[in-house]
Each structure stands twice: as C-alpha cells, then as structure tokens.
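This report concerns only the one structure given below.
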Amino acid sequence: MTKAIRIHAHGGPEVLRWEDVPTPEPGPGEALVRQQAVGLNYIDVYFRTGLYKIPTLPATIGMEAAGVVTAVGPGVTHVKVGDRVAYATGPIGAYATERVIAADRLVTLPEAISFESAAAMMLQGMTAQYLLRRTYKVQSGDTILVHAAAGGVGLILCQWARHLGAKVIGVVSTEAKAELARAHGATHTIVGHAHLAEEVKRLTGGAMVPAVYDSVGKDTFYASLDCLAPLGIMISYGNASGPVGPVDIGLLGAKGSLFLTRPSLATYTAKRADLEWAARDLFEVVTSGAVQIRVNQTFRLAEAAAAHAALEARQTTGSTVLLP
Ligand code: NDP
C-alpha cells in the first residue's frame, strides 16, 4: 500500500483526505515514481472544487512532483530505475507518496536541482517559459503587465522577464507582496486593480503595454484589456478569482485590434521536444541564478488541506511544496 490525498466529492479544502491506496504497477510505457516533493498549484484548487472536471471519484489530485524512478513497465526508454525525475502534467494523481506516470512525460533532473526546488518549479516555471518565450515573445525594452506578481508563476515571470531585458509592471493585493515582486524583478508595482488602466498609462507615459499576463480571470479581465496598446495581446491564462465567461469579440476590435489567447501548459508541452526545450530552458535560468525559485511555504502532504486554504486565502507567496 501507499498513501495519497484523495477526494470523494468536490468541495472546500476539507474534502482532501489522507488515505491508503494500493501501490500501482507500471504498465507499458509507464514508470513508478517514489515522490520526494509534490508541487502545489492553483489548478489543484480548480480540480478540487469541480471547476475543472474529474471523470471519476474518488480521485487523487495534483499535477506536479519530483522523485526517484523505482520501477518501469515494458518499452520504457526515457528513464531507468534510480533516475531523479520530475514532471508537470496530467492526468491528475500527484498528491501521493508513489504514483505511475507515462515515462515520456518525465524529465531527468540535473544534480544541481533538489527535489523540493523541482517540485516548486516544473509547472510554474515551464508555464513562465512558454508565456514569455512563445505566447508573446518578450523583447528587450518591452514593458509587460503581470497579475498576481508575487505568486508562484508571478515571481518567476518577473525575474525571467527582467532577464530578457523587459520591464514588468506587477499587480498585487498588498504592499508586502509589492515589495516582494520588486525584489524579484518587477520594475513597478500596482496594489489592487481599481485604477489599473490609469496607473499603467501613467507608468508607460501613455504607451500602454504590448502584453498582459492575466491569471486572475473574472475580477481583472476587462481592466486588463484597457491596459493594452493597439495590437496588444491579452494572455488570459488562469482564473484564480473565477472564470471569465463569454467575451464579446467586438470589444477586441473597438479597443485597438487586440489579440486574445487562453493558453495552457498541456498544449505547449504536448510534444516531447517542446517539453524538453521548456525544461532545459528553465533549468538553465535557474542554475545560472537568473531566476530563483522561492519555496516560501512547505506543508506535509497529509496536510494538503491547510495548504489549499492558504493558497485560496491569498496568504502564500512564491511556490509551495508538499512533502510526502
Ligand atoms: P499563485 O501563487 O499566483 O496564487 C494565486 C494568486 O492569485 C493569489 O496569491 C492572489 O495574489 C491572486 N488572486 C487574485 N484574486 C484572487 C482570488 N479571488 N482568490 C485567490 N487568489 C487571487 O498561484 P499559481 O502560481 O499556482 O497560479 C497562478 C495562476 O496561473 C492561476 O490562475 C493558475 O491557474 C494559472 N496557471 C495557468 C497555467 C496555464 O498553463 N494556463 C499553468 C500554471 C498556472 P494577490 O493577492 O497578489 O492578488
């Protein structure tokens, strides 16, 4: 037997239960991983609440972890027993001491990267990679707008964008978070979004920004559109405040021939070559010191409910890791 956090029904953090489950066996193309650290991500909240659908319950949530391969099924070529590995991918099931996963979704960890750091960076860091390098190719001299700038993805976006030579205007909810975002690369910070477009106008001398990275969703979507320069791109990549809902595309024309995308890491890493590029790029900026991974909270995996409550209450900053 092994241990896992399972949910039997959707709901608040209290539905997360620490239970015994049978140790899974790797099938063809799969590896069994003894997990040393599990990443906490906002998507785990969406699966727990039912905003994102789970086909059958009970189920183990979680999309990201790092650990050691302890067995492989037939036909596995990407990894072998004893390898230090990490992943950020579906299907859900990461909140467990051991799990099986498709071996071609695993990335081998460089020695310099610890399990904790890997579990903190794979999902949020590869997300920052594709957002800055592919969804909108950030150029030196750009000024971009980043929401939830002191969060997990946010702190990585701020540092990586600065490394690319861009200026970041970070949006946060408190002064303390503003200070943290500035300490990690944000050039300017805005506390709250009540006067977002006016503030962005002032900070950019009227030019506005070519790209907005909005992970907050419902509460900020329309204010974000107003911050874009003509032909700018609205990158709506999350819904921490709730889903945006249907959008009148006529608005995009009226506000300056804007682009709108709703990207996901799954699409951007679906091909093995893209996954390897994202991970390599991430490991490079982290090992060079250009981007520091801030594990500002750790919880026992058994106490995942407390971690979820903190994340939803906006009490966390940077990344959070759950320890099996
Ligand atoms: P964060 O650490 O950023 O935590 C969420 C933050 O969102 C909070 O700290 C808070 O920052 C802000 N927020 C604003 N409004 C609310 C609200 N009503 N309730 C709770 N939080 C709110 O989480 P992650 O780094 O894990 O994820 C950030 C976002 O990125 C999420 O929306 C997630 O779904 C998305 N994401 C998308 C991916 C993709 O490929 N599309 C991949 C990875 C993440 P503040 O207090 O400063 O406002």
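The values are calculated or read from the model by the stated rules, or taken from the named source; none is laboratory data. Everything numeric here is computed off the predicted structure, so don't read it as measured data. Methodologically, a virtual Cβ is constructed for each residue, glycine included, from the backbone with ideal geometry; neighbour enumeration extends over all protein chains shown.
Quick notes
- In region 238-251, the residues that are in a loop (DSSP other than H, G, I, E, B), away from the ligand (no atom under 16 Å from the Cβ) and not β-branched (V, I, T): P246, D248
- Residue match in region 294-305 (condition: touching a helix residue (DSSP H, G or I) at 6+ places or on another chain (Cβ under 6 Å) and without any contact (Cβ under 8 Å) to a residue 40 or more places away in the chain): no
- In this structure, T89 does not satisfy being surrounded by 24 or more Cβ atoms within 10 Å (Cβ to Cβ), in contact with a helix residue (DSSP H, G or I) (Cβ under 7 Å, 6 or more places away or on another chain) and hydroxyl-bearing (S, T, Y).
- Residue count for region 149-175, restricted to those that are surrounded by fewer than 21 Cβ atoms within 10 Å (Cβ to Cβ) and either within 10 Å of the ligand (Cβ to nearest atom) or modelled with pLDDT under 95 (or both): 2
- Within region 127-138, being in a helix (DSSP H, G or I) and either touching a Leu at 6+ places or on another chain (Cβ under 6 Å) or in the same structural domain as T317 (by TED's automatic domain parsing) (or both) holds for T127, A128, Q129.
- Taking the criterion of being exposed (fewer than 13 other Cβ atoms within 10 Å of the Cβ), in contact (Cβ under 8 Å) with a residue 60 or more places away in the chain and out of contact with any Lys or Arg (no Cβ under 9 Å at 6 or more places or on another chain), the only residue of region 264-275 that qualifies is A266.
- Residue in region 244-267 that is out of contact with any helix residue (DSSP H, G or I) (no Cβ under 8 Å at 6 or more places or on another chain) and among the charged types (D, E, K, R) present: yes
- Test: residue in region 64-75 that is charged (D, E, K, R), within 12 Å of the ligand (Cβ to nearest atom), touching a residue at least 40 places away in the same chain (Cβ under 8 Å) and in a strand (DSSP E or B): yes
- T60 vs. criteria closer than 18 Å to T316 by Cβ, polar (S, T, N, Q) and within 24 Å of the chain's Cα centre (by Cα): no
- Qualifying positions in region 76-106 - within 16 Å of the ligand (Cβ to nearest atom) and among the hydrophobic types (A, V, I, L, M, F, W, C): A86, A88, I92, A94
- Condition met for V321 (of a type in the set (V, I, T), in a helix (DSSP H, G or I), away from the ligand (no atom under 11 Å from the Cβ) and surrounded by 21 or more Cβ atoms within 10 Å (Cβ to Cβ)): no
- Of all residues making up region 281-318, the number that are part of a helix (DSSP H, G or I), buried (at least 20 other Cβ atoms within 10 Å of the Cβ) and near the ligand (Cβ under 10 Å from one of its atoms): 1
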